[in-house]
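The values are calculated or read from the model by the stated rules, or taken from the named source; none is laboratory data. Just so we're clear, the structure is a prediction, and the values are computed from it rather than from any experiment. Backbone-built Cβ (ideal geometry, glycine too); neighbour counts: all protein chains shown. Just so you know, the surface numbers come from the protein's heavy atoms only, side chains and all, with ligands and any DNA or RNA stripped out. Shrake-Rupley method; radii C 1.70, N 1.55, O 1.52, S 1.80 Å.
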Amino acid sequence: MKRMIIGALSALALTATAAVAEYPEKEIQGIIQWGAGGSTDTVMRSVTPHAEEALGGTVVMQNMTGAVGAIALNHVAGSAADGYTLLMGAENPLLYKVMGLGDKDYSEFTPISILARGTPVLVANPNSPFNDYAEMMAYIKENPGEVKFGSTGPGGLPSVVTAMISSVEGGLDVTAVPYDGDGPALTGLQGGAIDVMPAVLGAAIEGIRAGNMKVLAIMDVAANTKLPDAPYITQFNDAYNTYLPWGPFFGVFVPNGTPDDVVAKLSAAYATGAQHPDFVQLMDDRGFTLMAITGDEADAFLSKWQQGTAWLLQDADLTKASPEEFGIARPGE
Amino acid sequence: MEHIDPEHHDGTSDATPGGERDKRRPGEVFFAGFLLIASVGLLWSAWGIENPFGPNGLSAPRSIPVAATLAMVISAAIIIFKTAKLPLDRSETLARDILPVTAVLFALFLIAYGVLLRPLGFLPTSALFLIVAIKLLSKRGWLWTLTVSLTSLIVIWLIFRIVFSVLMPAGIVPEAEFIQLFRGLIRGGMAQ
Amino acid sequence: MTAFMDFLTVFTQPELLLLVGLGTFAGIYVGAIPGLSVTMAVSILISFTFSWDVYPAISLMIGIYMGGVYGGSRTAILLNIPGAPSAIATALDGYPMAKRGEAGTAIGVTTVMSIIGGFVGIGVLALAAPLVSDFALRFQPRDYMLLAILGILLVGSLSQGSLVKGIFAGALGIAIGAVGRDPLTFAERFTFDFQLLEGGISFIAVMIGMFGVSEALLQLHHVNKDAVRQKISRIVPSLSTVKKHLPLSLQTSSIGVIIGALPGTGGDIAALMAYDHAKRVTKNPERPFGDGAMEGLVAPETANNAAVGGAFIPMMTLGIPGDAVTAIMIGALFIHGLNPGPMLMIDQPDMFWFIVGCLVMANIFMLIFGLTGIKLFTRIVEMPRSVLIPLIMLLSIVGAYAVNNSITDVYWMLGFGVFGYFMRHYGYPLGPVILGVILSRLLDDNWRRAIISEQEDLGRFFAGIFSSPLSLVLFVSVILIFVSQTPLWTKAKARIFSKERPRA
């Protein structure tokens, strides 16, 4: 009798491990936080087929937009932690709490892979009366409020970059014109609706190459290999070293509580996918820095990013709630 | 007065069935009143929209909503005033012309569908809906009803689920496992 | 000369030819089913064609795009349910024709006119792309705002019956479009603290509900009546018919190209503006507008297909998407290792001419498939209503869900379906609601952008309008159209308060 029970139990255990070993045994849903055709969408749709190959399964990707990605985040957070629902997102959920956009962020998730990081760049309309960062700052001092900066809403990349500038330079008197994404804002820049746009390098690089916009400064601590001649911001002001390097990123996540071996399998698959020459080439062309980090390294990256950015925005008085309320420590504390 | 013409809707009226121009349909004033009250409520809600990052100036998030709901309130007020002045169309009744039993029944079906969709899943809910609806409307045999409804459901499912990978709630049906099994079979078949 | 060879690529390779044809065929059906959108189809194709070469992938996508824009008219004519937002105006006169048993004629005219529009769009793309994109870039936020106001004035044209009910419906549409988190400040608008509402209401869900479900509920009144027999003897319109409508179709095609080329506006707005234009310039239609006027089909169908070529203009010259589909195609080009942007035309002109070639081919396939499958389509309307009605309801549900994979959209769709049912009964036009939803973001975002740019100063704002020729032209058009709709204030007052409800 006892033997039978042990036998049954071990059989059960065997099938259980077998079931996990078989992951994925059905298709996996990948929820993309942003709309079709955007940066996140392009990155995810180009890395996932390579990851599928390594995984030996199918990932069905869907775009779920709305409320700056909070709808998708809440959807995946509420789904079963079995590795069959992935969140494919960007950096902004780390700011949801301080911006009052939701009560969940990536702390509810386990990172599968932080794929790549972008570099911000300050670009201007070619007809604008300044040619680099220093001239721009001088012009703004002489004409307060007249220079139009593009923005993508509170917490977006431009708001973080302008917060950085104003905390380094002790103020920035410009008019921020809101757009619903960096694509439309860069279109507005080329048409002269705005003068300066802090954008991610990948979105602006083709316009820069064609001379439809000019680089004022790359927001980085060293020259960029894609634009070796363009000035970088620490050339103008050392104080930016405190905040840089900083940039938006893309990552794949699963809800906390997903079995470890599933996380390991997915992480390995996305790590392999990210190293595929096609993907490496795509990231390089668009000026993204390939990261493909996972596990503790990814967790450390996320919390460092969140601390730095949330407090930067808090100090610039752009948040709705203090990071302190959510236990986000000031960097260096 | 009691003259009832069962065919006073000539079949063309179903595109824009606005009734007769100089008469008021049953329930029309009530509907206009509902719109007016709803518009006032929305205007109030629009006025409460605060700009979280600045003053409530011309560029505030409330500006267009307030303008739109104000236009709704004004036009709804004019509509109710105009409608109330028209004579009631006595040849129509609410129960027969506006809300016949079948329409109410189907509206209820749709609500039931919405409620059951998540727990039961797309396939069972839709099968249930189609079978009941088609049986009720066509008054034909069970075999015919089942064939027509299940065939069309399978076609719709194939198009949306397989071709367009629209993941309707699976509910109690293990769709994903089934598809994976099928994929495995095809792969296995091709490998041989 | 090399340009010409690149243009011919698609014609000389049977594989590419087949893919364009397949795409166009599939596109017509995708476009015809409400809720299945070209945007969706193309983004699925990105994963599907991932390992392909770039030429075959693009061929298939272009076919789907062209076919899909045209396909939306099918269900609009046959069932009064636009398959895509760009076919809303087509339903206004197409459906009355189908009810008279002239669905065949309507589809024939639609097909031929779509092709004319398509070719105008392609022609402008091929010959004047840099010129048009320069022009499109010149549109400032205030110009987009004026364009949106111009669009809102279409309420007058779309209100069959009472103008004031049309105004109510249009304002309601604008309010619906504002629901959710404001994309510029993230303030919650009309969310009543429901998290479900934060994402806003998908306007496709509103459209499917108002047109699809409300139509199905209304049809229940006549469930036992036989469907109208469709005459399908004469499908291809006679040469004289085409000739007669040629001047109008060229005008409306131009509207389509320009609106299509503007980033942020697409075929839906183009079709509605073209419909309004047709109503304005057609002095004596054979049948009144809204009753099955041929011009009411010609205008939107030429415009929305011309908008396809238009949408490619900023994409090919600047790497800026003209609409949602071209946005995805830009992503596809990236994935295939190209760098769409202003340099693409210089670095890889072959791509430009190849796309032009594909568009031409897709347009030709559209004619072939458009004129051959009509019998099958008309069978749909001749299906017994007892089967058709439940199927329309089910398709509406799946379609609403498919837009954003959200059950909330299904609830909205059902809610607006029932609401639309009452609106129709009590003579409220549905067109203006959809118009309002479409234009809401355009108006809201650009008004705020414009006034923020002028530092909240109305004086500077108007000075800006008067200092730019483009803004001035748009501003004057707004005033003229507004005055032409209400010739004198007294007359306007008489119209609003008159006892008999005049046709607007």
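Here are some notes:
- Test: residue in region B:120-132 that is assigned to a loop (DSSP other than H, G, I, E, B), facing another protein chain (nearest Cβ under 9 Å) and open to solvent by less than 50 Å² (accessible area, probe 1.4 Å): no
- Inter-residue pairs, beta-carbon under 6 Å, first on the phi > 0 side of the Ramachandran plot and in region A:283-304, second open to solvent by 60 Å² or more (accessible area, probe 1.4 Å), 6+ apart: A:G287/A:K226
- Pairs with Cβ under 7 Å, 6+ apart, first in region C:392-421 and at the interface with another protein chain (Cβ under 7 Å from one of its Cβ atoms), second among the polar types (S, T, N, Q): C:L394/B:S126; C:N404/A:T65; C:N404/C:S202; C:N405/A:Q62
- Candidate set: region C:182-236, residues that are β-branched (V, I, T) and within 14 Å of chain A (Cβ to nearest Cβ); chosen: the one nearest to C:M393 (Cα to Cα): C:I204
- Lone qualifier among A:V168, A:V174 - being within 23 Å of C:D182 (Cβ to Cβ) and among the aliphatic types (A, V, I, L, M): A:V174
- Boolean, A:A222 is in a helix (DSSP H, G or I), open to solvent by 20 Å² or more (accessible area, probe 1.4 Å) and not assigned by TED's automatic domain parsing to the domain that holds A:Q306: no
- Of all residues in region A:129-153 being assigned to a loop (DSSP other than H, G, I, E, B) and open to solvent by less than 20 Å² (accessible area, probe 1.4 Å), the one that is farthest from A:G100 (Cα to Cα): A:F130
- Residue selected from region A:305-320 under the condition away from chain B (no Cβ under 14 Å) and open to solvent by 50 Å² or more (accessible area, probe 1.4 Å), by the criterion farthest from A:L244 (Cα to Cα): A:D315
- Restricting region A:77-93 to residues that are within 12 Å of another protein chain (Cβ to nearest Cβ) and of a type outside the set (G, A, S), the residue that is surrounded by the fewest Cβ atoms within 10 Å (Cβ to Cβ) is A:D82.
- Of all residues in region C:309-340, exactly one satisfies the criterion of being assigned to a helix (DSSP H, G or I), more than 9 Å from chain A (Cβ to nearest Cβ) and open to solvent by 10 Å² or more (accessible area, probe 1.4 Å), namely C:T317.
- Test for C:R385: is it within 9 Å of chain B (Cβ to nearest Cβ), open to solvent by 10 Å² or more (accessible area, probe 1.4 Å) and not hydroxyl-bearing (S, T, Y): yes
- Looking only at region B:60-107, and only at residues there that are aliphatic (A, V, I, L, M), at the interface with another protein chain (Cβ under 7 Å from one of its Cβ atoms) and farther than 16 Å from C:V164 by Cβ, the one that is farthest from the chain's Cα centre (by Cα): B:I64
- Sub-9 Å Cβ pairs linking a first residue in region B:41-59 that is under 16 Å from C:E188 (Cβ atoms) and open to solvent by 40 Å² or more (accessible area, probe 1.4 Å) to a second residue that is part of a loop (DSSP other than H, G, I, E, B) and charged (D, E, K, R), at least 6 apart or interchain, are B:W47/B:R62; B:G48/B:R62; B:E50/B:R62; B:P52/A:K320; B:F53/A:K320; B:N56/B:E50; B:N56/B:R62, ordered by first then second residue.
Yes/no matrix, rows are residues, columns are (1) open to solvent by 40 Å² or more (accessible area, probe 1.4 Å); (2) of a type outside the set (D, E); (3) over 16 Å from the mean Cα position of the chain (by Cα); (4) outside the structural domain of A:F288 (by TED's automatic domain parsing):
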| position | (1), (2), (3), (4) |
| --- | --- |
| A:T162 | no, yes, yes, yes |
| A:V200 | no, yes, no, yes |
| A:E206 | no, no, yes, yes |
| A:A210 | no, yes, yes, yes |
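- Residue list for region C:436-450, filter: buried (at least 24 other Cβ atoms within 10 Å of the Cβ) and either at the interface with chain B (Cβ under 8 Å from one of its Cβ atoms) or out of contact with any Gly (no Cβ under 6 Å at 6 or more places or on another chain) (or both): C:G436, C:I438, C:S440, C:L443, C:D444, C:R448, C:R449, C:A450
- Selection from region A:164-198 of residues that are open to solvent by 10 Å² or more (accessible area, probe 1.4 Å), away from chain C (no Cβ under 11 Å) and assigned to a helix (DSSP H, G or I): A:S166, A:S167, A:V168, A:E169, A:D182
- Of the helices (runs of 4 or more DSSP H) lying entirely inside region C:137-228, those containing at least 2 residues that are open to solvent by 10 Å² or more (accessible area, probe 1.4 Å) are C:141-152, C:155-158, C:163-178, C:203-207.
- Of the numbered criteria (1) open to solvent by 10 Å² or more (accessible area, probe 1.4 Å); (2) touching a residue at least 12 places away in the same chain (Cβ under 8 Å); (3) not in a helix (DSSP H, G or I), the one A:V252 fails is (1).
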